[in-house]
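Worksheet: one structure, shown below.
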Amino acid sequence: MANDEHHAEDIVLVERRDAVALITLNRPEVRNALSPDLRRKLYRAVAEANASDAAAIVLTGADPAFCAGLDLKALASEGLATSSDDRTDPDSPIPPLDKPLIGAINGVAVTGGLELALVCDFLIGSEHARFADTHARVGVMPGWGLTVKLPQAIGPRRAKQMSFTGNYVDANQALEWGLLNEVVAHDDLIDRAVALGNDMASITPSNLTGIGKAYDAAAADHDLAALTAEAHYSKAWAKGFDPEVFAKEREAIQARGRSQQT
């Protein structure tokens, strides 16, 4: 059974805010770490919201975090089999979308959580937003497109700085770098993200989809080659993954992360 305190059906919350489907990751006691069960339920919730009559989707996390990434405890104890499922896409944390997806970043977005944020069309952050890519420090390879999407958002040199150090970037720096579109007061975050989604309700849905697909197509040739390269390196790393070695490093990695958030 999952090590969170909520019933399994409560680990992803979905509510309607006018024309917006608001989806909340709800494992706050483990900073919304992506357990296999959470991944399945998130994937399903996003798919259902995409099939609904909502104009847009907002994705956030239950305070104090947006998402700490893959559940390191499960990964250390059970290995890579816990991080994928035949009801999800191993190459993406969410299904393909026709609707805009807005990320409301309420706290830390780390490694797989950063990748989850990067699949959103754009990000609004509270002053509590923090970002870090600790893939290299943890000893795992990105597999959800981080090496493509992060440099697209902030430029390759800044992306390399984040990935090579694992250091945190705070909300103001993320705004300056272009990772966040806006920074708002923490208590106003969801209302602002939902308001932007509701702004889209007066636009014909097919027009929103068309514009979104055109943006995707503009980078498609480069993205495909880059994503293929990332998948190659990720699969090569996975062949040599040792849960015991990973488990020995996990506590030190988490302690370092906590020290940077104070």
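Of the residues that make up region 15-32, is at least one at pLDDT 95 or above, in contact with a Lys or Arg (Cβ under 6 Å, 6 or more places away or on another chain) and either within 18 Å of ILE102 (Cβ to Cβ) or aliphatic (A, V, I, L, M) (or both)?
The answer is no; no qualifying residue exists.
Could you tell me whether region 153-164 includes any residue that is surrounded by fewer than 21 Cβ atoms within 10 Å (Cβ to Cβ), in contact (Cβ under 8 Å) with a residue 12 or more places away in the chain and closer than 26 Å to LYS41 by Cβ?
no
Of the residues that make up region 240-261, is at least one under 25 Å from ASP133 (Cβ atoms), touching a Pro at 6+ places or on another chain (Cβ under 7 Å) and at pLDDT below 95?
At the first step, the residues of region 240-261 found to be under 25 Å from ASP133 (Cβ atoms) are 240-261.
After this cut, where a residue has to be touching a Pro at 6+ places or on another chain (Cβ under 7 Å) as well, the list is none.
For region 240-261, residues under 25 Å from ASP133 (Cβ atoms), touching a Pro at 6+ places or on another chain (Cβ under 7 Å) and at pLDDT below 95: absent.
Give the residue, chosen from LEU175, LEU179, LEU189, LEU196, that is surrounded by 13 or more Cβ atoms within 10 Å (Cβ to Cβ), farther than 30 Å from ALA51 by Cβ, touching a residue at least 40 places away in the same chain (Cβ under 8 Å) and of a type in the set (A, V, I, L, M, F, W, C).
LEU175
If I ask for residues that are small (Gly, Ala, Ser) and assigned to a helix (DSSP H, G or I), which ones from region 147-206 would you list?
Across region 147-206, the qualifying residues are ALA153, ALA159, SER163, ALA171, ALA174, ALA193, ALA195, GLY197, ALA201, SER202, SER206.
Listed here are the residues, each with its yes/no results for (1) polar (S, T, N, Q); (2) crowded, with 24+ Cβ neighbours inside 10 Å; (3) within 25 Å of MET200 (Cα to Cα).
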residue: ASP89; (1), (2), (3): no, no, no
residue: LEU97; (1), (2), (3): no, no, yes
residue: THR111; (1), (2), (3): yes, yes, no
residue: GLU115; (1), (2), (3): no, yes, yes
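What is the residue count in region 120-152 for residues that are crowded, with 20+ Cβ neighbours inside 10 Å and aromatic (Phe, Trp, Tyr)?
The number of residues fulfilling the criteria is 2.
The values are calculated or read from the model by the stated rules, or taken from the named source; none is laboratory data. Because the structure is predicted, anything quoted here is derived from the model rather than measured. When we count neighbours, we look across all protein chains shown, and the Cβ atoms used for this are built from the backbone with ideal geometry, even at glycine.
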